[in-house]
Amino acid sequence: MRIGVFCSGGDAPGMNACIRGVVRCAARFGHETVGIRRGYQGLLDEDFHLNDERQPLLTSRCVRDIAKRGGTILRSSRSDEFRTEAGQQKAAEVLRKRNIDALVPIGGDGTLRGAAKLSEIWDGSIIACPGTIDNDLLGTSYTIGFATAVQTAVEAVDKIRDTAESHDRMFLVEVMGRSSGYIAVFTAIASGAECVCIPETPTDAAELVEDLKAMRFRGKSSIMLIVAEGDERGGAKEIDKLLKEAGNPFSTRVVILGHLQRGGSPAPMDRILGASMGEFAVRGIIDGQTKMLSGIVGGENRLTPFEEALAGHNEIPQRMLDLLETLSH
Ligand code: F6P
């Protein structure tokens, strides 16, 4: 069997470990892997990874020592062409022409949606792996890249806290996550931030300012507010403005962490998740499974049908929100 693997959408630390898991599992059971560069667009352009012999094959040798590297050796992209029906038909034709029997797309919900579309018109097997820092997919407790993104954000907040304390200031630190507050909540818990603004809970500027005044009264001199980029009241800049208008007693600065959160060497947990999910996807393909997401739920590898994985978003457990509330007292 010939298995295609690619990364699509925003890169996430741990994608390389996932590619390695796919390639090594395929090799173990006597199958070939083809590396498709630049996601769905690369598939349309027939842009394949070439090995040392200039063949379009991703061998065990090609993936040695890549698990520690950030980004993805296969590159990534967001393809407008693949979103069209004509693009999807063309992708299916390329797969037939290249004798590819199965696919392992690695990416977030856009990638998964693309895989579901492709699976309606192409009869090869598709098992996707959740590669995104956002941790917003159903069918897995954690996505590949989330742990590293949180680690990077926490290291940044710890540093910013030094300046906040030295200057008696409040910092609003904006983190990524698209429409999910997962990165914000985990960053806030781990860094000891005083408050958080996330899309999952209403952000009320007047109420926040009352809390800030109470903190000031209790003698707190530095404040860290973690803002999820998807908060319904806007990003850190917009929230800073709202708080000022509502009478924020602190002098503020805004820091947007941005793409810093997607880079860097993956944390061991992301390397392990990536390897395990990639390997399990190939095992699923060998077992004849298709239209599934390869995730880990409660420590166990699990395949979840595309339609279930796409039916909603991974909710932040209430327990984590309660913990955050307790810690801010
Ligand atoms: O989905 C990953 C992510 O980093 C989101 O957190 C963020 O909103 C988005 O991608 C940014 O995308 P781009 O790199 O295309 O600007």
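The values are calculated or read from the model by the stated rules, or taken from the named source; none is laboratory data. What you are looking at is a predicted structure, and each value in this text was computed from that prediction instead of being measured. In this analysis, Cβ positions are derived from the backbone assuming ideal geometry, glycine residues included, and neighbour counts consider all displayed protein chains.
Tabulated data
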{"read-out": "Odd one out for residue 243 among (1) in a loop (DSSP other than H, G, I, E, B); (2) under 24 Å from residue 186 (Cβ atoms)", "value": "(1)"}
{"read-out": "Answer from 198, 183, 189 - the residue that is closer than 15 Å to residue 329 by Cβ and under 28 Å from the mean Cα position of the chain (by Cα)", "value": "189"}
{"read-out": "Qualifying positions in the stretch 110-146 - within 14 Å of the chain's Cα centre (by Cα) and surrounded by fewer than 23 Cβ atoms within 10 Å (Cβ to Cβ)", "value": "110, 138, 141, 142"}
{"read-out": "Any hit, the stretch 12-29, residues being of a type in the set (Gly, Ala, Ser), free of Cβ contacts under 8 Å to residues at least 40 places away in the same chain, away from the ligand (no atom under 16 Å from the Cβ) and in contact with a Pro (Cβ under 9 Å, 6 or more places away or on another chain)", "value": "no"}
{"read-out": "Complete set of residues in the stretch 131-147 that are within 15 Å of the ligand (Cβ to nearest atom) and of a type in the set (A, V, I, L, M, F, W, C)", "value": "133, 137, 144, 146, 147"}
{"read-out": "Residue check for residue 160: closer than 18 Å to residue 325 by Cα and modelled with pLDDT of 95 or more", "value": "no"}
{"read-out": "Residue selected from the stretch 1-31 under the condition small (Gly, Ala, Ser) and in a loop (DSSP other than H, G, I, E, B), by the criterion nearest to residue 64 (Cα to Cα)", "value": "14"}
{"read-out": "Test result for residue 180, closer than 18 Å to residue 261 by Cα, within 16 Å of the ligand (Cβ to nearest atom) and of a type in the set (Ser, Thr, Tyr)", "value": "yes"}
{"read-out": "Residue ranges of helices (runs of 4 or more DSSP H) in the stretch 32-151 with at least 1 members touching a helix residue (DSSP H, G or I) at 6+ places or on another chain (Cβ under 8 Å) and of a type in the set (Phe, Trp, Tyr)", "value": "39-44, 80-83"}
{"read-out": "So residue 310, is it more than 19 Å from residue 133 (Cα to Cα) and either within 16 Å of the ligand (Cβ to nearest atom) or in contact with a strand residue (DSSP E or B) (Cβ under 9 Å, 6 or more places away or on another chain) (or both)", "value": "no"}
